[in-house]
Amino acid sequence: MGILFSRPRYVFFIAALGSALTIVGYLASPGGGVLWVVLTNRGLALFAIWVTAFLIASRKRHENRLVDARENLERLVVERTRELREKNALVDLLHRIAMAANTATNTEDAMQVCLDEICDYTGWPLGHVYTLSEKHPGRLLPTPIWHIDDEARFATFKKVTDETELEAGA
């Protein structure tokens, strides 16, 4: 009966109930047997009840540990699968960027494809490329290379940025 319950404490409750019934059975039974045989029989019955209870409780604890371990393993598999997908997505991004750089006819086209790919990968609605000034080392100059998902929303930002030079590290 105790094997049907998921928690070990219920097993001990049933063992206690079985023990009580065994003792009540001894007390309620009619006399007439050999006393030492009757007591040995009841003692062995109680011993069997409690050994069985401890074995079942031990099995339940091990089953519960296995369930916990399986749930933990499933959680780890989900987490590792997510991490692997993220790494694969990054490798795919790097591959697409490398292909764009190798097939582009000029630097601006390569930068545009790279910017678009990076913005798509990160989910950024806006991206812009600055280049280093040849005349003034450490100075960043705006380029006409933009990734803009919503032109109207970022029109003012684009206008101001197109006119803004920056110092490297800014």
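The values are calculated or read from the model by the stated rules, or taken from the named source; none is laboratory data. None of the values given here were measured: they were computed from a predicted structure. Positions of Cβ are backbone-derived with ideal geometry, glycine not excepted, and every protein chain shown enters the neighbour counts. In case anyone asks, the SASA skips ligands and DNA or RNA and just uses the protein heavy atoms, side chains included. Shrake-Rupley method; radii C 1.70, N 1.55, O 1.52, S 1.80 Å.
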Calculated from DSSP helices alone, with each H run of at least 4 adding -39500 (n - 2.57) and the total divided by the residues of the chain, [θ]222 nm to the nearest 500 comes to -25000 deg cm²/dmol
Match the structure shown to one of the listed values (i) 16.0; (ii) 16.5; (iii) 23.8 of Kirkwood radius over Cα pairs in Å, computed from it, and give that label. (iii)
Against the longest alpha carbon principal axis of the chain, how many degrees, from 0 to 90 and to the nearest 10, is the axis of helix 107-122 turned? 30
Let me know the charge dipole size of the range 13-85 about its Cα centre in debye, to the nearest 20, where only the beta-carbon of Lys, Arg (+1) and Asp, Glu (-1) is charged. 160
Positive end of the charge dipole of the range 35-170 (Lys, Arg +1 and Asp, Glu -1 on Cβ, about the Cα centre): tell me which of Ala48, Ala155, Tyr130 has its Cα farthest that way. Ala48
Going by alpha carbons, how many degrees (0 to 90, nearest 10) lie between the helix axis of 35-103 and the longest principal axis of the chain? 10
Shape call, the range 105-170: gyration tensor on alpha carbons, a/c limit 1.5: oblate
Give me the 1.4 Å probe accessible area per residue for the chain, excluding ligands and nucleic acids, in Å². 74
Nearest 20 debye, what's the magnitude of the dipole of the chain about its Cα centre given +1 on Lys and Arg Cβ and -1 on Asp and Glu Cβ? 2060
Using a 1.4 Å probe on the protein heavy atoms, what percent of the accessible area of the chain belongs to carbon and sulfur? 63
Rounded to the nearest 10 degrees, what's the angle between the helix 8-28 long axis and the longest principal axis of the chain, both from Cα atoms, 0 to 90? 10
